[in-house]
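Let me begin by presenting the structure, written as structure tokens, before commenting on it.
Nothing in this text is a laboratory measurement; each read-out follows from the coordinates by a stated rule. Everything quoted here is computed from the prediction, not taken from an experiment. All Cβ positions, even for glycine, are placed from backbone atoms using ideal geometry, and neighbour counts span all protein chains on display.
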Amino acid sequence: MRCVSTRGGREVSLTEAITDGLAPDGGLFLPQRLAQVGPPPCADAPLWAVANWLLRPFFEGEALGASLDELCARAFTFAAPVRWLAPDTGLLELFHGPTAAFKDFGARFLAECAARLLSARGTRTVLVATSGDTGAAVAAAFHRRPGFRVLVLYPDGRVSVRQAHQLGAFGGNVHAFRVAGSFDDCQRMVKAAFLDRELQSRAPLLSANSISLGRLLPQMAYYAQAALHAREQGRAPLSFVVPTGNLGNALACLLARELGLPIGRVVLATNANRVLVDFLATGRYEPRDSIPTLANAMDVGAPSNVERLRALFSDPTRAVEAEAIEDATIRATIASTWRKHGVAICPHTACGVAALETLRGRGAHGPWVVAATAHPAKFDTIVEPAIGAACPPPAPLAALLARPARATPLEPSSEALRRALLELA
Ligand SMILES: *Cc1c(COP(=O)(O)O)cnc(C)c1O
């Protein structure tokens, strides 16, 4: 499938878009058109088969086309079940992967693509800025893969203790850097590195941020599977609430709907970083500095994927809605979900559940599903006091937490990152 930059630019293949990450004009790649998909697989098809079906038209005629089945089978090794809390309210559990957040799906798919395309061409550095979960997912997906090294930047003190530990615990080809700044600083540093040609000639980079199409596209699969399954059960089209920061996950949901899947409304739930809510209310996109919240993986003041949203929809307000949730409501929602349903949710998921409660209050009916983006045990210091019970980590997370962790401090400047990259190369 040909891809184009959100800023015009020249066309490239999907393969190039995946390996290049950012377009040379600084824009983000999008498929040139959204191919309508063929008849879906049976409703109980495993997630990898749904992904294979959905992604097939995008990979037609691409270098990876012939191995797409195998790619999907290796990337999608865990399920994304819907847990119904009430007859019309569900949680789409996206945290059953190795690092217990939805980022595992995209990161593992990207790593499978990259291993086939690049590993024979010398060592690549996978450079990634993380607000907490991306870094771990990417590190896990590339850990010990020959031909790759991973460099993760995270904002020091702005990720949970368990997230920080997880990032520093891989070792081997994974290098964690704690940046004295915000996630937006980390993201700016990474963008500058990708636009630095001279640096890239000495230390070839691979982008693994949510700007990468190799992460974005596979995320459509779990929305598609949930939507098809609901149709099979005779439900009305599912509407989704997606806890949102950089807008990668929600964009995948919107793309799945554009491909023709039975999806109703799509609502972004943000934390107090309400730039998307204001954008949809006023039509003016005004990026600002992010503020720290309990839902730290969503502390984003300049969500890069807005550029894709605007390129895809002439009027984004007709495609998507948004609600902002304050920290006090996050805590109250974690507590009330535990009380009402006996289910522990992470602070990001709580933004989604709270947003849905707001919508229900305004009369939203029919089946709604909230994307549960991370396992609550990653945020034990917030969740445990709110529910008054222990929140034990799932086995893969427990294994990482048992290892020693190490991260190198880094100043929030492009020059500092450049030096670090060259030292490792
Ligand atoms: C990354 C992340 C989000 C935000 O996803 P975007 O794709 O950046 O909008 C929400 N919740 C959790 C747990 C995350 O890790």
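Of note:
- Between the range 346-425 and the range 232-301, the Cα center-to-center distance that results, in Å: 16
- Other residues with beta-carbon under 12 Å from the beta-carbon of ALA141 carry, at +1 per Lys or Arg and -1 per Asp or Glu, a net charge of +4.
- Each other residue within a Cβ distance under 10 Å of GLY245 adds +1 if Lys or Arg and -1 if Asp or Glu, for a net charge of -2.
- DSSP-assigned coil residues among trypsin sites (Lys or Arg not before Pro) in the range 2-59, each with at most 13 further Cβ atoms within 10 Å: ARG7, ARG33
- Overall form of the range 114-199 per C-alpha gyration tensor (a/c, 1.5; a/b vs b/c): oblate
- At 0.890 mPa s and 25 °C, Stokes diffusion of the range 267-402 via Kirkwood alpha-carbon radius, µm² per second: 153
- Legend: Rg and Dmax of the range 335-408, from Cα coordinates, 15.2, 50 Å.
- For the chain, a Gaussian network of Cα nodes joined below 10 Å ranks ALA250, ALA141, ALA311 by mean-square fluctuation, and the top entry is ALA311.
- Semi-axes of the equivalent ellipsoid for the range 161-253, computed as √(5λ) from the eigenvalues of its C-alpha gyration tensor and ordered from largest down, come to 34, 17, 13 Å.
- Bins of 10 Å, starting at 0 and running to the largest distance - Cα pair percent for the chain: 5, 24, 35, 27, 9, 1
- Formal net charge of residues neighbouring ALA86 (Cβ-Cβ distance under 12 Å; K, R +1; D, E -1): +1
- Rg and Dmax [Cα atoms of the range 35-139; Å; Rg one decimal, Dmax integer]: 15.7, 53
- Over the residues of the chain, the helix contribution to mean residue ellipticity at 222 nm works out to -12500 deg cm²/dmol, using -39500 (n - 2.57) for each DSSP H run of at least 4.
- In terms of surrounding Cβ atoms within a 10 Å radius of their Cβ, HIS348, HIS175, HIS365, HIS143 rank from fewest to most as HIS365, HIS143, HIS175, HIS348.
- Applying the criteria of a DSSP loop state and at most 15 other Cβ atoms within 10 Å to the trypsin sites (Lys or Arg not before Pro) of the range 84-179 yields ARG121, ARG144.
- Relative to its residue count, the range 1-86 spans a Cα convex hull of 142 Å³ per residue.
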